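Asker: This is the structure I have questions about; it appears just below.
Please treat every number below as a calculation from the coordinates, not as lab data. Being a predicted model, the structure only gives us computed values, none of them experimental. All Cβ positions, even for glycine, are placed from backbone atoms using ideal geometry, and neighbour counts span all protein chains on display.
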Amino acid sequence: MGGGVFYALPGLTFAERPQLFESLLSDAGLPVCDYLSVTVGTRQALLLQSGPAVRALLSSQARKGRPVDGLRSVGGYIGLSNERFRVSRSDVVAAVRATARDMDGLRALLAQADGGAESKSVAGVLMAHLAGTDVTADLLEIAERTLSALRSLADNPGDGRCVENVGLLGNSLQSMITTRSPFVRELRRRGWSWQDIKADTMTLTFAGWASLDAALRSGKSLGITNTRATDAAITELLRIAPPGWLITRETVHSTLLSRDADPVPAGTLMIASPWLLHRNPREWHRPNEFDVGRCHVRRCTAYLPFGAGSRACPATAYSRSFLRTALESLPLVAQSSSFVPALTDGRSACLIPLERTAV
């Protein structure tokens, strides 16, 4: 696969993500083919650029491509394995779906937040909505410090000072959690402890805020605020600017990704980029054009803004509802005349006006 030609890409740590993003989107570009041999940091890998191949990978038993210790150290269900992971994830999916129906509560929190749907408030609004509390100065500080602490811990698993810091922040957050939140009520109904609810509230905030913030930035660049924030506009926004621009997996068993290719050996690092996949001219007509009238987007095998399979984003419905509600809360703005890709928090992709160089 890939013809034996290797393309060197940066590694997968959060610190390396901006360079990896730039390499994948470089003007020189990578050849458009189903499978491409690359190196990611010091590891050989395959870059998948076909919708069916990526879906086959995500439907297999492949595990996350980041180190397992890093996943476990941040807490929450994502660090579990086997049956415990399956059951806990099912509970979280149900709880987040319940929260997706509470958009009146989200609107109230957006009104409380200084800046509404602006970047500095997104993490606090998300954490408050999950926890069932108000957007106060204390809550915003906990959210901001949690993001920093979990980011450090993810790249430095087992660091005692990071673990202690996360624990102290968790204690502060746990004292604020209430059953006002559908997320909390559903998990309590399923027998979850307050401590476990706190851990997943922190983890989901960390995992989700940058993607939501990035999509909001893209939405404003594309001019889909207020009455223009329709369901079709959100769908096309997530196609042309998917915040989750990188998918990594490591095969556990020999895996067949297509009938025309040899099985991929166990232990192979696989990467895919929805940003590239959503702009692949073999998969889309006029892929670089923002078109709210584009038909059957969500049915396309190459449409993967939330991933797929057992480790797909558990908050698909909630994320779409959050984005539409937040964008509706903003005044009408004109679409930027030109924009470029960038990263929020160095990890989630967005489109920003050309005159801006950083987010």
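Asker: Calculate the all-directions average of the projected area of region 227-359's alpha-carbon convex hull, and give it in nm².
Answerer: Details: hull surface 39.5 nm².
Mean projected area of the Cα convex hull: 9.9 nm².
Asker: At a threshold of 8 angstrom on Cα-Cα distance, excluding pairs fewer than six apart, so keeping six or more, what relative contact order does region 143-296 reach in percent? Walk me through the numbers before you get to the answer.
Answerer: Values: 127 pairs, mean separation 24.4, N = 154.
It rounds to 16 percent for region 143-296.
Asker: Same structure again: Quick query: amide H of L257 versus all other amide H atoms, modeled in the peptide plane; which residues come in under 5 Å with a sequence gap of 5 or more or a different chain?
Answerer: Residues meeting the amide H criterion: V264.
Asker: In addition: G11's amide H: which non-local residues (gap 5+, or another chain) put their own amide H closer than 5 Å, with H modeled 1.01 Å from N in plane and none for Pro or chain starts?
Answerer: Amide H neighbours of G11, under 5 Å, 5+ apart: G41.
Asker: Using θ = phi - 60° and the Karplus curve 6.51 cos²θ - 1.76 cosθ + 1.60, what whole-Hz ³J(HN,Hα) does each residue of region 181-198 get, with Gly and Pro shown as x?
Answerer: 8, x, 4, 5, 4, 5, 5, 5, 4, 8, x, 6, 7, 4, 5, 5, 4, 4
Asker: Would you mind giving the average projected area, over all directions, of the Cα convex hull of region 112-186 in nm² with one decimal? Please report the intermediate quantities before stating the final value.
Answerer: Working: hull surface 21.2 nm².
Hull-based average projected area comes out at 5.3 nm².
Asker: Return the sequence-ordered ³J(HN,Hα) values of region 165-177 in whole Hz as given by the Karplus equation 6.51 cos²θ - 1.76 cosθ + 1.60 applied to θ = phi - 60°, using x for Gly and Pro.
Answerer: Once rounded to whole Hz, the list reads 4, 4, x, 5, 5, x, 4, 5, 5, 4, 5, 9, 5.
Asker: Further question on the same structure: Order 80-86, 146-152 from most to least packed using the mean count of other Cβ atoms within 10 Å.
Answerer: Numbers: 80-86: 11.4, 146-152: 19.3.
Output ranking for 80-86, 146-152: 146-152, 80-86.
Asker: So in the chain, what percent of DSSP beta bridges are antiparallel if you round to the nearest 5?
Answerer: Numbers: 19 of 26 bridges.
Beta bridges within the chain, antiparallel portion: roughly 75 percent.
Asker: Across region 215-231, in residue order, what do the Karplus-derived ³J(HN,Hα) couplings come to in whole Hz, using 6.51 cos²θ - 1.76 cosθ + 1.60 with θ = phi - 60° and x for Gly and Pro?
Answerer: 5, 5, 4, 4, x, 5, 4, 8, x, 9, 10, 6, 6, 7, 7, 8, 4
Asker: Let me ask you something else. Assuming a viscosity of 1.567 mPa s and a temperature of 4 °C, what translational diffusion coefficient in µm² per second does Stokes-Einstein assign to region 108-265, Rh being the Kirkwood radius over Cα pairs? Kindly include the intermediate steps, with their values, before the conclusion.
Answerer: Numbers: Rh = 17.9 Å.
D, rounded to a whole number, is 72 µm²/s.
Asker: At 222 nm, what helix-only mean residue ellipticity would the chain give, in deg cm²/dmol to the nearest 500, using -39500 (n - 2.57) for each DSSP H run of four or more? Intermediate values should be presented prior to the final figure.
Answerer: Numbers: 13 runs with 162 residues, N = 359.
Only helices count here, giving -14000 deg cm²/dmol.
Asker: Can you compute log10 of I(q)/I(0) for the chain with the Debye formula, treating each Cα as one identical point scatterer, at q = 0.07, 0.10 Å⁻¹?
Answerer: Debye curve over Cα of the chain, log10 I(q)/I(0) at q = 0.07, 0.10 Å⁻¹: -0.29, -0.61.
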